[in-house]
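Quick notes on the structure that follows.
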């Protein structure tokens, strides 16, 4: 079938996991790049490496242990505001539908560290999600939003999301990123509804 990698042939379902962020090193530690961090964590956990592709860094497809699902991890190189270009390109390349996509992104509307899985929804003011919605022509794709808090004043949103986490937040991030990775793997193993019931509490 078009888009299949050999690694995925034994699995029944494929899930494209798209962690949002900005590709330059100066952005790596910023709040806006927590999607990249979760993707990196999962790649290390699953023993795969990213490689250059058009519009994104991607891993090979890999079968998730104890699941009938293979996943591909991707980090757009298009910058946040054009994340949809990467999403559209990869769905087309791998012959996938929007509900085969799981987008991971930061969210200022959630308390720091809170996870929220949803099967669909608006962009919530997030430029990366807005771009994905625009390029795919639908809001109906799963997303995992990770709360980064809202400790900023009027007109300071952009500076806030593009700033680094505080030292205290950094100490808590490994556990948050681990939990986000657990959520993604539960989606792969047991489906979105089950993962929502566990991680949205």
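Run the numbers for residue 159 and residue 197: contour at 0.36 nm per residue of separation, minus the present Cα-Cα distance, in nm. If you can, show how the numbers build up before the last one.
Numbers: separation 38, 0.36 × 38 = 13.68 nm, distance 3.35 nm.
Fully extending the segment from residue 159 to residue 197 adds 10.3 nm.
Could you tell me what % of all Cα pairs in region 46-137 have separations over 17 Å? Provide the component values of the computation, followed by the final result.
Numbers: 2250 of 4186 pairs.
Every Cα pair in region 46-137 considered, those over 17 Å come to 54 percent.
Which order do 77, 59 fall in if you start with the one that has the fewest other Cβ atoms within 10 Å? Please report the intermediate quantities before stating the final value.
On the way: 77 18, 59 22.
Neighbour counts put them in this order, fewest first: 77, 59.
If each of residue 45 and residue 95 carries a label point 7 Å out from its Cα toward its Cβ, how far apart are those two points in nm?
2.9
Share of Cα-Cα pairs in region 6-199 beyond 31 Å, in percent? Mind dumping the intermediate values first?
Values: 1799 of 18721 pairs.
Result: 10 percent of Cα pairs exceed 31 Å.
Could you give the length gained by full extension between residue 138 and residue 190, i.e. 0.36 nm per residue of separation minus their alpha carbon distance, to one decimal place? Numbers along the way, then the final one.
Values: separation 52, 0.36 × 52 = 18.72 nm, distance 2.44 nm.
So the extension gain works out to 16.3 nm.
Treat each spin label as a single point 7 Å out from the Cα along the C-beta direction, and report the residue 151 to residue 29 distance in nm.
1.5
Could you tell me the distance between the Cα centroids of region 166-201 and region 17-45, to the nearest Å?
Taking the Cα centre of each part, region 166-201 and region 17-45 sit 14 Å apart.
Which value, in nm² and rounded to one decimal, describes the direction-averaged projected area of the C-alpha convex hull of region 86-201?
Details: hull surface 31.0 nm².
That works out to 7.8 nm².
Tell me, in nm to one decimal, what length is gained between residue 167 and residue 120 on full extension, where the rule is 0.36 nm per residue of separation less the Cα-Cα distance? Intermediate values should be presented prior to the final figure.
Details: separation 47, 0.36 × 47 = 16.92 nm, distance 3.31 nm.
Here the answer is 13.6 nm.
Report the residue, chosen from 51, 82, 179, that carries the largest GNM mean-square fluctuation when the chain is represented by alpha-carbon nodes joined by springs under 10 Å.
51
Arranged from highest to lowest average of other beta-carbon atoms within 10 Å per residue, in what order do the peptides 106-113, 125-132 appear?
Working: 106-113: 18.0, 125-132: 22.0.
The most tightly packed comes first, giving 125-132, 106-113.
How would 135, 61 line up from fewest to most surrounding beta-carbon atoms within 10 angstrom?
Working: 135 17, 61 22.
Ordered by Cβ neighbours within 10 Å, fewest first: 135, 61.
Quick note: the coordinates plus some simple rules give every number you see, no bench work behind them. All values reported here derive from a predicted model rather than from experimental measurement. Note: ideal-geometry Cβ built from the backbone for every residue, glycine included; neighbour counts use all protein chains shown.
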